[in-house]
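These notes concern the structure reproduced below.
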Amino acid sequence: MPRTRKLLLTTLVVGATSAVAGLGVFAAFTAQTTNTGNQIASGTVAIGQNSGGVAIYNVTNGGPGQTTQRCIRVTYTGTLPATVKLFRSNTVTQGTAFNLQVERGSGLNPTTNPYPSCTGFTPDSPGGSLYNGTLIGFPTSYLAGPDAKGAAWAQGDTVDYRFTITVIDDPTPNTHDTVIQSGSHAFTWEARNN
Amino acid sequence: MGGTQQLARLAGGLAGLGLAFAAAAPFSGVPPQGVSGKPAPAQVEVRALASPELEVNPVGTVLASAEFPPPGERGGPAVKLTLVNQTPVPQRISMRMAPIASALDDAVLVRASGAGAVLLDGPLKGTGAWSLPAGVLSSGESTTLRVRFKLKKGLSGDAYRGRIDIRQLEFKGVPIQTPAEEEESESPAATTPAGAGSPGGNASAAVLPATTPGSTTP
């Protein structure tokens, strides 16, 4: 056998053996499992009221001891449980001249007795209040504000509030010859998911 | 010899059975069958949520396991709700159908109307966003809101059979601004009108000052 032919034959045998060995290396049984359809979406925190943008109270010419009661309904529509606190804006002037009481309750029927009527209002804890003190003393931040329900709010929860604003009597002579004004202020119910 | 023949028949039978299963495999994904053996129909469940500005009646589950007739047939599931404006000012109505389980997004058409306006009219897909405010409800006024669902025409069974879609109807009132208010809100010096039902995490109510000394309490 010529030398070249021997060499070619050897190369062929080595190649064929390598090919078979290679197939052995790359061959494998396989299996997979795939998890599909993954998504993530946030929940919501949303709260609103039935005032339609109209102030809870707008008292003029208030006399000593005169009280004004107004009610409002607050509804939570977020999907996440939330803690809601009530606070006022930091825009009150002469706030020591007025007393504010805020009570939590239920029973309003705004469709028959429109906002801000208090007809039907029943306080949750008669004699108890979320707040009862001078207007100036009402908290002005979420952290300091009273818990508006005392429990977490869930979607669809509705709570009624009664605001009683009073001009504090002051018998000091000659101190009421000009108007004492609170200034325009706002009340905010803020919901936070814990 | 007879034994070999019997064995060959058995093997042939088994092979035939195997081929039959293999031939049936592509059709194994047929839609779920109903109790009667017919294909299970598509279903929709609807819940309604309370709204700060509009009293919604009823709330909770207002439509449970309502079945769709085949595409193109009349009489799809429908919901009827009463909305009452519980604010002291006129409101336009905005609504959305928040998906809880959106299985029929591409298969269903929805139409919602109330307060003399059409609030939604089109594919279910996309109704998770608030609709443009429409209609008018004055303070204390009520309206019947009707929502109708139907399957699109020409759907293949795979697109709807056996699927259950769950939606939550949500409403909000958008106060109608008077021309004077609109002017005020466009002015850069104007303050934000307080107290409107806020879409975010807080709700505010403003208290105005006694600007007219000597005037009477409203």
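Every number here is computed from the coordinates shown, using simple stated rules; none is lab data. Predicted model only: the values in this text are computed from it and were never measured. Because the Cβ atoms are built from the backbone with ideal geometry, glycine has one as well, and the counts that use them run over all protein chains shown.
Roughly what % of Cα-Cα distances in the range A:29-107 sit above 22 Å, to the whole percent? It works out to 53 percent of all Cα pairs.
When you filter the chymotrypsin sites (Phe, Trp or Tyr not before Pro) in the range B:104-175 for DSSP loop state and at most 16 other Cβ atoms inside 10 Å of their Cβ, you are left with B:Trp130. Each listed q (0.16, 0.30 Å⁻¹) maps to a log10 I(q)/I(0) for the range A:134-185 from the Debye sum over equal C-alpha point scatterers, namely -0.74, -1.33.
For the range A:42-174, the square roots of the Cα gyration tensor eigenvalues, ordered a ≥ b ≥ c, give a/c of at least 1.5 with a/b greater than b/c, which places it in the prolate category. Legend: mean number of C-beta atoms from other chains within 10 angstrom of residue C-beta atoms, peptide A:41-47, equals 4. Building the convex hull from the alpha-carbon atoms of the range B:73-138 and averaging its projection over directions returns 5.3 nm². Mind putting together the pair-distance distribution for the range B:50-93? All Cα pairs, 10 Å bins, whole percent per bin, short to long. Answer for the range B:50-93: a P(r) of 23, 35, 25, 15, 2 percent. Among the chymotrypsin sites (Phe, Trp or Tyr not before Pro) in the range A:27-119, those placed in a DSSP loop whose Cβ has at most 12 other Cβ atoms within 10 Å are A:Phe29. Look at the dipole of chain A built from charges on Cβ: of A:Pro123, A:Gln39, A:Ala27, the Cα furthest out on the positive end belongs to A:Ala27.
Using 0.36 nm per residue and subtracting the Cα-Cα separation, the extra length available between B:Lys80 and B:Gln177 on full extension is 32.1 nm. Volume per residue of the convex hull around the Cα atoms, evaluated for the range A:98-143, comes out as 106 Å³. Neighbour counting of Cβ atoms within 10 Å sorts the residues B:Leu54, A:Leu130, B:Leu132, fewest neighbours leading, into B:Leu132, A:Leu130, B:Leu54. Relative contact order for chain A: 32 percent, from Cα pairs under 8 Å spaced at least 6 residues apart, divided by residue count.
Placing unit charges on each Cβ (+1 for Lys and Arg, -1 for Asp and Glu) gives chain A a dipole about its Cα centre, and among A:Ser184, A:Thr60, A:Thr164 the Cα reaching farthest toward its positive end belongs to A:Ser184.
Rounded to the nearest 10 degrees, the inclination of helix A:3-26 to the longest alpha-carbon principal axis of chain A is 30 degrees. Here's the list of lysines a cross-link from B:Lys152 could span, going by alpha-carbon distance under 24 Å and ignoring same-chain residues fewer than 8 apart: B:Lys38, B:Lys80, B:Lys125.
Computed over neighbours whose Cβ is under 12 Å from that of B:Leu109, the net charge equals +3, Lys and Arg +1, Asp and Glu -1.
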